[in-house]
1. Could you tell me whether A30 is open to solvent by less than 30 Å² (accessible area, probe 1.4 Å), out of contact with any strand residue (DSSP E or B) (no Cβ under 7 Å at 6 or more places or on another chain) and modelled with pLDDT under 60?
2. Among T257, T220, which is hydroxyl-bearing (S, T, Y) and over 21 Å from A107 (Cβ atoms)?
3. Let me confirm something: among A85, A61, A95, which residue is open to solvent by 10 Å² or more (accessible area, probe 1.4 Å), within 23 Å of the chain's Cα centre (by Cα) and more than 21 Å from S186 (Cα to Cα)?
4. When you go through K92, K113 one by one, which is the residue that is in contact (Cβ under 8 Å) with a residue 40 or more places away in the chain and not polar (S, T, N, Q)?
5. Quick one: is R166 in a helix (DSSP H, G or I) and surrounded by fewer than 21 Cβ atoms within 10 Å (Cβ to Cβ)?
6. Going through the range 221-249 one residue at a time, which ones are among the acidic types (D, E) and buried (at least 22 other Cβ atoms within 10 Å of the Cβ)?
7. Among the residues of the range 176-193, write down those that are open to solvent by 20 Å² or more (accessible area, probe 1.4 Å) and either in a helix (DSSP H, G or I) or within 20 Å of V267 (Cβ to Cβ) (or both).
Amino acid sequence: MSDRRSSIALLLLSTFLSSSAPCGSPAVAAGAAPAKRLLVIDTQKTEPYITITGAMLDALAAHGFVPGRNLEVERYSLSQFEGAATHIWELKHGASFDVVYIAGTIAAKAFAKIAADQPNSRFVFASVTDPVGLGLISGFGTAPASNVTGVSFPVPVKQRLRFIRRVMPRARTIGLIYGDMPQSLSYRAWLEQLLASDPEFKDLKIIYRGVKFVRGDNGTQRMAMQTVPLIEELNSKVDLFLAPNDQMGINPEFARTMAKYADKPLVGIIEPDARDGWGAAMNIYPSLPGMGQQAGKMVARLLAGEAIAAIPSETPAKIGVAFDFKLIKRFGITVPADLAAAARTSAPASDPSR
């Protein structure tokens, strides 16, 4: 890459440091062990990474690794430009960090080859839709075979469809408008495979529509605005809309656009979609703070000296449900009493779809 393009890429990176993760080397008392070093890479400077990575850093502090005291943290955003990963690694001497934390599918995809080429470095991912498909790991719950472990993002597709069954048992046709992004394509493939192979869902139909991927921290907001003609096309064809498992679906602009233009209820992807009135009528969601806490515990164990082979990859441990009861009433939906109670108390459940 030319020097000019390298300079542009570095400008796009713009160090993203929070108050809980100050830059610089902590002061180390004479005779004390040197501070550990953590490189943090977010896909972009938006949700869900603000919450997840913040919870990860909080968990580290709870486990005794405090930025500015015994932990040096350097934090960057790719702004969804995969090529920036190589520049960060080279210019910041990535191999010198004790652990590298990567948040989001785009960041994970960008670092997959780096991780493969750096067997002595250790990587922890969070909020990645399909880490197996990206080649980061071989599976969950088993000892990592390489130098990567972490926490995936999505609620399993079967669990999400079962949730819809419970809340809208007469629904047969679902509209899914997604961004042309790796995580969206994996998610669509899982849905197609489930509907083709599982008799439980043989009567369901999903109509897919895609919008072009727009990079940059504001890209997903611009993508959401492109969904309007697709929403209007599908309004008369579907019983409900399903938020996509990607950054566009997580952006509040997507749910707000749905609320403005859709005639059918939206099943959101993260808790605020319904609970904070963004525009979804309901959702079953992974806990973002919980995901960050899981990843933070993994990072802490590595910083404490454990072998990565002892730290299996995990799926989100905390899953909850949420409803916008004003929209539920507007659409004439009757919510099962146990789900309504769980939503009102924000109580996570191991499988609230049942």
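The values are calculated or read from the model by the stated rules, or taken from the named source; none is laboratory data. The shown structure was predicted, so the numbers you read here are calculated from the model rather than taken from an experiment. Using ideal geometry, Cβ is built from the backbone for each residue, glycine included, and neighbour counts are taken over all protein chains shown. Ligands, DNA and RNA are excluded from the accessible area calculation, which covers all protein heavy atoms including side chains. Shrake-Rupley method; radii C 1.70, N 1.55, O 1.52, S 1.80 Å.
1. On the way: open to solvent by less than 30 Å² (accessible area, probe 1.4 Å): no; out of contact with any strand residue (DSSP E or B) (no Cβ under 7 Å at 6 or more places or on another chain): yes; modelled with pLDDT under 60: yes.
Spelling it out, it is not the case that A30 is open to solvent by less than 30 Å² (accessible area, probe 1.4 Å), out of contact with any strand residue (DSSP E or B) (no Cβ under 7 Å at 6 or more places or on another chain) and modelled with pLDDT under 60.
2. Working: T220 fails: over 21 Å from A107 (Cβ atoms).
Just a single option satisfies the conditions, and that option is T257.
3. Values: A85 fails: open to solvent by 10 Å² or more (accessible area, probe 1.4 Å); A95 fails: within 23 Å of the chain's Cα centre (by Cα).
The conditions single out A61.
4. Details: K113 fails: in contact (Cβ under 8 Å) with a residue 40 or more places away in the chain.
Just a single option satisfies the conditions, and that option is K92.
5. On the way: in a helix (DSSP H, G or I): yes; surrounded by fewer than 21 Cβ atoms within 10 Å (Cβ to Cβ): yes.
So R166 fits the description; yes.
6. D246
7. Taking the range 176-193 as the starting set, the residues that turn out to be open to solvent by 20 Å² or more (accessible area, probe 1.4 Å) are 178, 180, 182, 185-186, 188-190, 192-193.
If the condition is that a residue be open to solvent by 20 Å² or more (accessible area, probe 1.4 Å) and either in a helix (DSSP H, G or I) or within 20 Å of V267 (Cβ to Cβ) (or both), then Y178, P182, L185, S186, R188, A189, W190, E192, Q193 are the ones that fit.
Matching residues to (1) among the charged types (D, E, K, R); (2) over 21 Å from the mean Cα position of the chain (by Cα):
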position	(1), (2)
A103	no, no
A116	no, yes
F125	no, no
T129	no, no
L136	no, no
G141	no, no
P154	no, no
F163	no, no
R170	yes, yes
